[in-house]
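Notes to accompany the following structure.
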Number of protein chains: 2
Amino acid sequence: MSRMMRAVRAGKGVVEMAVPSPEPGQVLVRTRAFGVNRPELLQHEGGYPVRPDQTDVLGLELAGVAEQSGEEVCALVGGGAYAEYCITDERLTLPIPFQGDDRFVRAAALPETTFTVWKNLFWDGPDTLKGKSVFVQAGASGIGTTAIAMAKAFGASRVTTTARDDERCKFCTDVVGADVCYNYNTEEWEKEEKADVILDMVGGSYLPRHLKMMQQGARLVILGFLGSPVTEKLNMTRVLLKNLTITGSVLRSAPDSEKARICEELKRHVWPRLASGEIALPHISHTFEGIDAYADAFEDMNNSKHKGKMVLRL
Amino acid sequence: MSRMMRAVRAGKGVVEMAVPSPEPGQVLVRTRAFGVNRPELLQHEGGYPVRPDQTDVLGLELAGVAEQSGEEVCALVGGGAYAEYCITDERLTLPIPFQGDDRFVRAAALPETTFTVWKNLFWDGPDTLKGKSVFVQAGASGIGTTAIAMAKAFGASRVTTTARDDERCKFCTDVVGADVCYNYNTEEWEKEEKADVILDMVGGSYLPRHLKMMQQGARLVILGFLGSPVTEKLNMTRVLLKNLTITGSVLRSAPDSEKARICEELKRHVWPRLASGEIALPHISHTFEGIDAYADAFEDMNNSKHKGKMVLRL
């Protein structure tokens, strides 16, 4: 008889189901904590299509104990983290870089943001941002805090960002380490800053403003459309004259081979500096206890109460 | 007393002026032929701003004889080619890869298009296009013919293009070597083709159509706006979902160090294959005789009579 576990399925909530069985190259992990991200909320509400070969159990990142080896690990997964047990791909599984009782909670908040930031800001390896001016939208978000801290740690000459109120701006500069943070409700950041690299998750009306502030040879990376995917009237002249690059990606749909390469680079370049405390990540504003609390976490996320990451501990 | 020469100055026409003096790192070339390009026409009509440190003598490419060494050379220049003598940067000067009486005319038609195509299609070196599907707008133009021939020569699996009438389409396939050419006045190319790399010089309303036909990880390079630089209502969703890259550039404003790198790569990878005839370039439809004929060349260019390149022989 198969072992049973509790898990959160998209659109259904907490259910009892069989513990999944790992295949070669996979690791069965007893979940101790998982990160709570916006895509799960969207998926739970029916707005985020899942590939048919993927589980409908929510969750993209977790930390826990590998059943067979007893190793403590964290991992990026294509789904399945909101459960007492989760299958991970061993190529996307990393050691836990922290000590202490909160090590699972902290490690569970790493994979989604560190993979995303490495993929999109370090396209030429660890020296990509050296001496560059980097501008990050939504600096108080999980991606934002991670991008700011990693850009600073890997030699960006200036890291600037935006947030929605002065309290969050103070958090971005004083806690996360940005050089300047603009209140996007009151300040015209595109008139104040020039950037070599921009990380954006807003889209829409921000695109022409970004083109304006980009320097010769700059790159804009778009990760989402918290605003709208549609830009009315886009003039591309600056793209030619300044030799700009505009690109975008969704981590979840990247090929596993690319994710495995990112994982290797994180292990080599980022994990030792997380362990030493030199990179002070993650920033977690809310920790929830027990799998049933996922609904509270979603409610807080819907109300945008968090700063940095939210984690649920099992 | 300084030697005098005839030259074409922007907005002024043919004038007598002093032969310029080369500085260290420069070569004085006795011009035998120069390429006629649209930017010169625009510049002559006042529509193309020139950096204040550059000559207002027209012309971006030439072939001739180096005064001091007697070597036969061709070169990319920032201006000055429409003249009996021209100063070239020795880092942007190449040997003439051809034999025969028409070797100067043919070589004068190479620099602008080969530098542009190498910069924009071979960003990862000579294997960039290997196995890729490449779509080139305006295949009968100077850039178009060069892009098609070089993409085929460097291993693209499929090279498709567009032209404005059936006669030019036949030229693109039967003479230049494209696999398919769409008549852009009658055919919906974006419904027929998928592309990994697109080279565009139209912009405007083409941008959304290009995003539609781009495959996962594809790149769109924009070199000009023969249409308009403005796109009405651009939806960027495909950029994220397909991890697309949009970029653009103007060769003329690229740093000299980058042009020098491109020149080295052309010398190593392209010039030997031009010499052997393996890459059948350039395609020249009009040759003009004598510096006063520049006005006839501009008139034909204004009427878009040419296919491939126009060259003026001195």
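Does residue A:173 satisfy the criteria of being more than 14 Å from chain B (Cβ to nearest Cβ) and either touching a residue at least 24 places away in the same chain (Cβ under 8 Å) or within 23 Å of the chain's Cα centre (by Cα) (or both)?
yes
Can you pull out the residues in the range B:46-68 that are surrounded by fewer than 18 Cβ atoms within 10 Å (Cβ to Cβ) and in contact (Cβ under 8 Å) with a residue 24 or more places away in the chain?
Matches in the range B:46-68: B:46, B:50, B:51, B:54, B:56, B:65, B:67, B:68.
Suppose the filter is buried (at least 21 other Cβ atoms within 10 Å of the Cβ) and not β-branched (Val, Ile, Thr); does residue A:195 pass it?
Yes: the conditions hold for residue A:195.
A quick yes/no check of all residues on (1) on the phi < 0 side of the Ramachandran plot; (2) at the interface with chain B (Cβ under 7 Å from one of its Cβ atoms); (3) crowded, with 19+ Cβ neighbours inside 10 Å:
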{"residue": "A:232", "(1), (2), (3)": "yes, yes, no"}
{"residue": "A:237", "(1), (2), (3)": "yes, yes, no"}
{"residue": "A:240", "(1), (2), (3)": "yes, yes, yes"}
{"residue": "A:243", "(1), (2), (3)": "no, yes, yes"}
{"residue": "A:250", "(1), (2), (3)": "yes, yes, no"}
{"residue": "A:266", "(1), (2), (3)": "yes, no, yes"}
{"residue": "A:269", "(1), (2), (3)": "yes, no, no"}
{"residue": "A:278", "(1), (2), (3)": "yes, no, no"}
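Looking at the range A:19-36, I want the residues that are aromatic (Phe, Trp, Tyr) and have a partner that is assigned to a loop (DSSP other than H, G, I, E, B) and buried (at least 18 other Cβ atoms within 10 Å of the Cβ) with Cβ atoms under 7 Å, at least 6 apart or on another chain. Which pairs are those?
A:34/A:59; A:34/A:81; A:34/A:82
Just name the residue that is surrounded by the most Cβ atoms within 10 Å (Cβ to Cβ) out of those in the range A:24-45 that are closer than 15 Å to residue A:66 by Cβ and charged (D, E, K, R).
Filtering the range A:24-45 for residues that are closer than 15 Å to residue A:66 by Cβ and charged (D, E, K, R), the one surrounded by the most Cβ atoms within 10 Å (Cβ to Cβ) comes out as A:32.
Being in a loop (DSSP other than H, G, I, E, B) and within 20 Å of residue A:106 (Cα to Cα) is the requirement here; does residue A:47 meet it?
no
Name the residues in the range A:10-44 that are assigned to a loop (DSSP other than H, G, I, E, B) and closer than 23 Å to residue A:113 by Cβ, would you?
A:10, A:37
Restricting to the range A:252-264, name every residue that is away from chain B (no Cβ under 14 Å) and crowded, with 16+ Cβ neighbours inside 10 Å.
Across the range A:252-264, the qualifying residue is only A:263.
Looking at the structure I just gave you, is residue A:171 at pLDDT 95 or above, within 18 Å of residue A:123 (Cα to Cα) and among the aromatic types (Phe, Trp, Tyr)?
Taking the combined requirement at face value, the residue does not satisfy it.
State whether the residues of the range A:280-291 include one that is touching a helix residue (DSSP H, G or I) at 6+ places or on another chain (Cβ under 7 Å) and closer than 20 Å to residue A:13 by Cα.
Yes, because at least one residue in the range A:280-291 is touching a helix residue (DSSP H, G or I) at 6+ places or on another chain (Cβ under 7 Å) and closer than 20 Å to residue A:13 by Cα.
With respect to the numbered conditions (1) within 7 Å of chain B (Cβ to nearest Cβ); (2) within 15 Å of residue A:133 (Cβ to Cβ); (3) of a type in the set (Gly, Ala, Ser), which one is the sole condition not fulfilled by residue A:203?
Every listed condition holds for residue A:203 apart from (2).
Just to verify a result, which residue in the range A:79-108, among those that are assigned to a helix (DSSP H, G or I) and either of a type in the set (Phe, Trp, Tyr) or in contact with a helix residue (DSSP H, G or I) (Cβ under 8 Å, 6 or more places away or on another chain) (or both), is surrounded by the most Cβ atoms within 10 Å (Cβ to Cβ)?
A:104
Restricting the search to the range A:270-285, which residues are free of Cβ contacts under 8 Å to residues at least 40 places away in the same chain and closer than 16 Å to residue A:143 by Cβ?
If the condition is that a residue be free of Cβ contacts under 8 Å to residues at least 40 places away in the same chain and closer than 16 Å to residue A:143 by Cβ, then A:285 is the only one that fits.
Go through the range B:1-11 residue by residue and tally those that are surrounded by fewer than 18 Cβ atoms within 10 Å (Cβ to Cβ) and either among the β-branched types (Val, Ile, Thr) or at pLDDT below 95 (or both).
Going through the range B:1-11 one residue at a time, the tally reaches 4.
Scan the range A:217-230 residue by residue and report those that are crowded, with 19+ Cβ neighbours inside 10 Å and of a type in the set (A, V, I, L, M).
Residues satisfying the conditions are A:218, A:220, A:221, A:222, A:223.
Output the residues belonging to the range A:252-264 that are of a type in the set (D, E, K, R) and either within 15 Å of the chain's Cα centre (by Cα) or at positive phi (or both).
A:252, A:259
How about the range B:178-232: which of its residues are in contact with a Lys or Arg (Cβ under 7 Å, 6 or more places away or on another chain), among the polar types (S, T, N, Q) and under 18 Å from residue A:248 (Cβ atoms)?
Result: B:215, B:216.
The values are calculated or read from the model by the stated rules, or taken from the named source; none is laboratory data. From a predicted model like this one, the values you see are computed outputs, not experimental measurements. Reconstructed Cβ throughout: ideal geometry from the backbone, glycine too, with neighbour counts over all protein chains shown.
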